[in-house]
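Chemist: Pasting a structure here, questions to come.
Values in this text are rule-based calculations from the coordinates and carry no lab data. Just so it is clear, the structure is predicted and the values come from calculations on it, not from any experiment. Every residue, glycine among them, receives a Cβ derived from its backbone with ideal geometry; neighbour counts consider all protein chains shown.
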Amino acid sequence: MQTPGPFEYERATSVDGAIASLQRLGPDARIIAGGHSLLPMMKLRLANPEHLIDINDLTELAYIREDGAEILIGAMTRHVDLLESELLARHFPVFRDAEEVIADPVVRNRGTIGGSLCQADAAEDLSAVCSAVKANVVIRGADGERVVSMSEFHVGPFMTAVGDGEMLTEVRLPLRPGGGSAHEKVERRAGDFAIAAASAALWLDGDTIADAGIGLSAVGPTTIEVTRAEELLRGQVPSEDLFVKAGEIAAEDCMPIPDGRGPADYKRHLAGVLTKRALRRAAARALHQEA
Amino acid sequence: MQVTVTINGEAVSRDVEPRTLLVHFIRDTPGLTGTHWGCDTSNCGACVVLMDGKPVKSCTILAAMTEGHEVRTVESLEVDGVLDPVQQGFHEKHALHCGFCTPGMLMTSRALLDENPDPSDLEIRTAISGAICRCTGYKNIVAAVRWAAEHEATTRQEA
C-alpha cells in the first residue's frame, strides 16, 4: 500500500495566510494544490514535507482573463479550465493542444497550472508551453511580488525560482500581434508522460518572423529552451526548409537519456521532428491558414 | 485530525491521520467498499468517485481535502432496487468481466452523461481514457454508455 509519510495539514484561507504559514513552518512546508504530482512523489518518498498547506479554497487564484497586453492565469486554475478556455484557445492554441494530452480528463479535473510549473518535472508539458510563449510568472512572498521569466524560473530538475516562504500566484502571457503556437507530443499510451514533446510559438511581422519560442519536454534534465533555433528563426520568412533546420538544432541541443520510454537517439530524433511539426502548425495558425 | 466528509449525502466523521487518502477513508469509515483501490498512482481509475459532481481519483486526494465537499460513490447509483441507467447499460451490454474497474467506469460514465447526455463514441472513449480495463477491450463499455444515454429518459420515467 502506498501512503505518504506523516505530515501536518492545514487549509489556507487567503494567499497572505498561505505565505504566512510557509514562513512560520519553514522549508519543510509545501503548498498542495491539485496534488496529482506531489502526492505520488510523497508516496514514493521522493518528497517528504512535514507540513502541507492546502490552497484549494483559494478560488481567487482560479481565473483566466485578459488584462491589457497580457493574458493572466491564476495559479489554482485547473487543467480542465485551461483546456476549455476559449480566450486561451484564441490567443494561445498551444495550451489546448497540450491540455488534450496532459494525463486524462479525470486527473485534469484536479491538477493546476501552478502545481505543474512548480513541480518542474522536465517531462511535464505546461513548462514547455509556457517557455515557448515567453510567459512570466508572479512569485509572492512576505515582502511582496516579483516577476520572473520562464528561463529564470527553471533552475534545475524539479527546482524552481520559488524560494522558501514564497508561492507562485500567477502566470502572465504577453500578447503580441501576429502570434501562432502549437504543441506536439508523442506518448506511449493515452495519459502518459511524453517520450518527447515540443511547444512552438511564432510572432510574425508582415511575412517575417519577429520572434520565436521553442520549449521541449522530456529530453533533458529540465525543460529545454532551444534558443539557438529561436535565433535562427528571427527575421526569416517561414518555410519548410527553415523549420527543418530549426528541428535539426532542437535535436542537437536537447539532452535526452535512455529509459523505459526509449533510447536517447530515438528521443533526439523525435525532438527534431516534433519541433518541425510544431513550428509548421504555429506558422499556419499565425497566418490563419490552418485547415 | 477530525475529518468530516459528506459521502452520498451523509456526513461521515472520523479522527484520522492527515495522510489518509480519500479512497481509504471511504472504504474504512462508512465501509463503502464499492470504491476500488487499484494502482495507487492515479493511472488506473478504479477509485474514481464524484467530488461536487466531477470525477476524481480518490487515491490521489487526501480525505482532509474533501471536507466541505460532496463525495458520491458507486453505492449511490442504485436507488430502491432500481439500477442507474449506466449500471443497467453495463448489464445489458456485458461491459464487465472481472469487475475490478467497474465502479470507476460507472462513476466516470455517470459524470460524462450528467454533462453530456448524448456523447459520441469518441467522447465516451476520451472520458474513460483515465480508466483501465484489462478484460473487455473497452468496446462493450462504450456500448454500455451509449445504451445508458439512449435509455436515460425511459429508465428514469419507469423509476
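Chemist: For the stretch A:179-285, what does the alpha-carbon gyration tensor say about shape, rounded, prolate or oblate, given a ≥ b ≥ c as the root eigenvalues, a/c under 1.5 as rounded, and a/b over b/c as prolate?
Modeler: Values: a/c = 2.38, a/b = 1.85, b/c = 1.29.
Since a/c reaches 1.5 and a/b is larger than b/c, the shape of the stretch A:179-285 is classed as prolate.
Chemist: Could you list A:Met150, A:Met255 so that the one with the fewest beta carbons within 10 Å of its beta carbon is first and the one with the most is last?
Modeler: Working: A:Met150 25, A:Met255 15.
Ranking A:Met150, A:Met255 by Cβ neighbours within 10 Å, fewest first, gives A:Met255, A:Met150.
Chemist: Within 10 Å of each Cβ in peptide B:52-62, how many partner chain Cβ atoms are there on average? Round it to a whole number, please. Numbers along the way, then the final one.
Modeler: Working: counts 1, 0, 6, 6, 6, 8, 0, 5, 12, 6, 8.
Average neighbour count from other chains, rounded to a whole number: 5.
Chemist: Counting other beta carbons within 10 Å of each Cβ, put B:Thr73, B:Thr6 in order, fewest first.
Modeler: Values: B:Thr73 23, B:Thr6 15.
So the ranking, lowest neighbour count to highest, is B:Thr6, B:Thr73.
Chemist: Is there a quick way to get the dipole size of the protein assembly as shown? I mean about its Cα centre, with the Cβ of Lys and Arg at +1 and of Asp and Glu at -1; what is the value in debye to the nearest 20?
Modeler: On the way: 43 positive and 65 negative charges, 215 e Å.
Using Cβ point charges on Lys, Arg, Asp and Glu, the protein assembly as shown gives about 1040 debye.
Chemist: Where a Cα-Cα gap under 20 Å defines reach, which lysines qualify for A:Lys134, not counting those fewer than 8 residues away within the same chain?
Modeler: Once the sequence-local lysines are set aside, what remains near A:Lys134 is A:Lys185, A:Lys276.
Chemist: Now for a different question. Fewest to most neighbouring Cβ within 10 Å: what's the order for A:Leu61, A:Leu232, A:Leu82? Can you show the working numbers first?
Modeler: On the way: A:Leu61 23, A:Leu232 17, A:Leu82 26.
Listing A:Leu61, A:Leu232, A:Leu82 from fewest to most nearby Cβ atoms yields A:Leu232, A:Leu61, A:Leu82.
Chemist: Per residue of B:103-113, what is the mean number of Cβ atoms on other protein chains within 10 angstrom of that residue's Cβ?
Modeler: Details: counts 0, 1, 0, 0, 1, 3, 0, 0, 3, 1, 0.
That average works out to 1.
Chemist: Which angle between 0 and 90 degrees, to the nearest 10, do you get for helix A:15-25 versus the longest principal axis of chain A when only C-alpha atoms count?
Modeler: 60
Chemist: If I take every Cα pair under 8 Å that is 6 or more residues apart in chain A, average their sequence separation and divide by the length, what percent do I get for the relative contact order? Could the numbers behind the result be given before it?
Modeler: Working: 693 pairs, mean separation 46.0, N = 291.
Dividing the mean separation by the residue count of chain A yields 16 percent.
Chemist: Next question. Between B:Gly68, B:Gly81, B:Gly137, find the one with the highest GNM mean-square fluctuation for chain B; connect C-alpha pairs within less than 10 Å.
Modeler: Its mean-square fluctuation being the largest, the pick is B:Gly81.
Chemist: Most fluctuating residue of B:Met65, B:Met107, B:Met51 in a GNM of chain B with Cα springs under 10 Å: which is it?
Modeler: B:Met65
Chemist: Also, quick follow-up: If you take every DSSP beta bridge whose two residues both sit in chain B, what share of them, in percent to the nearest 5, is antiparallel? Please report the intermediate quantities before stating the final value.
Modeler: Values: 14 of 16 bridges.
The antiparallel proportion sits near 90 percent.
Chemist: Kindly identify the stretch A:1-124 as rounded, prolate or oblate by the Cα gyration tensor criterion: order the square roots of the eigenvalues as a ≥ b ≥ c, call it rounded if a/c is under 1.5, otherwise compare a/b with b/c, prolate if a/b is larger, else oblate.
Modeler: oblate
Chemist: Gaussian network model of chain A, Cα springs within a sub-10 Å range: biggest mean-square fluctuation belongs to which of A:Ala229, A:Ala218, A:Ala47?
Modeler: A:Ala47
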